[in-house]
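Peer 1: One structure follows; several queries about it will come next.
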Amino acid sequence: MKNTISTETQQDALSIAKATQKPGQTKEQTKLIAQGIEKGIAEYKKRQKAKARERDKLRKQQLRVRNQQASAADEMDDGEDFSLPQTQFTPVAWAAIALLLLSWLGFGAYILL
């Protein structure tokens, strides 16, 4: 299958080639440089499409696994356990709470004085 290069890509490549044109460079040389840039852009687009396809496949696979795990958990759940999940604060959360309380205390002391 022959990859056709869009006119927009060709124009972009030609404008880039003209922008980097050296003094004394012929039109043929500039045209060859533009063709090389076109091929580079086409190759880049092709690789990005392949990466996007792979990311999409991985995302779909993860979604399938997540759905399978959720359905398996639903099957195992008999509805008798209604306890709330226990939350645990991390050291970062405790530090944030401490800083917040310290700032409130400082603001209160400032208001009182």
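The values are calculated or read from the model by the stated rules, or taken from the named source; none is laboratory data. Keep in mind that this is a model prediction, so the values were computed, not measured. Cβ atoms come from the backbone with ideal geometry, glycine included; neighbour counts cover every protein chain shown. All accessible areas refer to the heavy atoms of the entire protein, side chains included, with ligands and DNA or RNA removed. Shrake-Rupley method; radii C 1.70, N 1.55, O 1.52, S 1.80 Å.
Peer 1: Residues of the stretch 20-77 being among the small types (Gly, Ala, Ser) and closer than 29 Å to Thr4 by Cβ, which ones? Please lay out each step first, then the result.
Peer 2: Step one: filter the stretch 20-77 for residues among the small types (Gly, Ala, Ser), giving 24, 34, 36, 40, 42, 50, 52, 70-73.
Of everything in the stretch 20-77, those that are among the small types (Gly, Ala, Ser) and closer than 29 Å to Thr4 by Cβ turn out to be Ala34, Gly36, Gly40, Ala42, Ala50, Ala52.
Peer 1: So Leu58 clears everything in (1) of a type outside the set (D, E, K, R); (2) assigned to a helix (DSSP H, G or I); (3) touching a helix residue (DSSP H, G or I) at 6+ places or on another chain (Cβ under 9 Å) except one condition, right? Which one?
Peer 2: Condition not satisfied by Leu58: (3).
Peer 1: Counting only residues that are assigned to a loop (DSSP other than H, G, I, E, B) and either farther than 20 Å from Thr9 by Cβ or modelled with pLDDT of 90 or more (or both), which one in the stretch 21-37 is least open to solvent (accessible area, probe 1.4 Å)? So that I can check it myself, show each step before the final result.
Peer 2: Filtering the stretch 21-37 down to residues assigned to a loop (DSSP other than H, G, I, E, B) leaves 21-26.
In the following step, the residues that additionally are either farther than 20 Å from Thr9 by Cβ or modelled with pLDDT of 90 or more (or both) were identified as 22-26.
Details: Lys22: 138, Pro23: 128, Gly24: 81, Gln25: 38, Thr26: 59 Å².
Ranking the qualifying residues of the stretch 21-37, first place goes to Gln25.
Peer 1: So, one more: Can you report the number of residues in the stretch 3-19 which are in contact (Cβ under 8 Å) with a residue 12 or more places away in the chain and surrounded by 11 or more Cβ atoms within 10 Å (Cβ to Cβ)?
Peer 2: At the first step, the residues of the stretch 3-19 found to be in contact (Cβ under 8 Å) with a residue 12 or more places away in the chain are 3, 5, 9-10, 12-14, 16-18.
Checking the rest, the ones that are also surrounded by 11 or more Cβ atoms within 10 Å (Cβ to Cβ) come to 5, 9-10, 12-14, 16-18.
Of the residues in the stretch 3-19, 9 are in contact (Cβ under 8 Å) with a residue 12 or more places away in the chain and surrounded by 11 or more Cβ atoms within 10 Å (Cβ to Cβ).
Peer 1: Could you check how many residues of the stretch 91-113 are exposed (fewer than 10 other Cβ atoms within 10 Å of the Cβ) and either in contact (Cβ under 8 Å) with a residue 24 or more places away in the chain or among the hydroxyl-bearing types (Ser, Thr, Tyr) (or both)? So that I can check it myself, show each step before the final result.
Peer 2: First, pick out the residues of the stretch 91-113 that are exposed (fewer than 10 other Cβ atoms within 10 Å of the Cβ): 91-92, 109-113.
The next check asks that each one be either in contact (Cβ under 8 Å) with a residue 24 or more places away in the chain or among the hydroxyl-bearing types (Ser, Thr, Tyr) (or both); those that pass are 110.
Here the count works out to 1.
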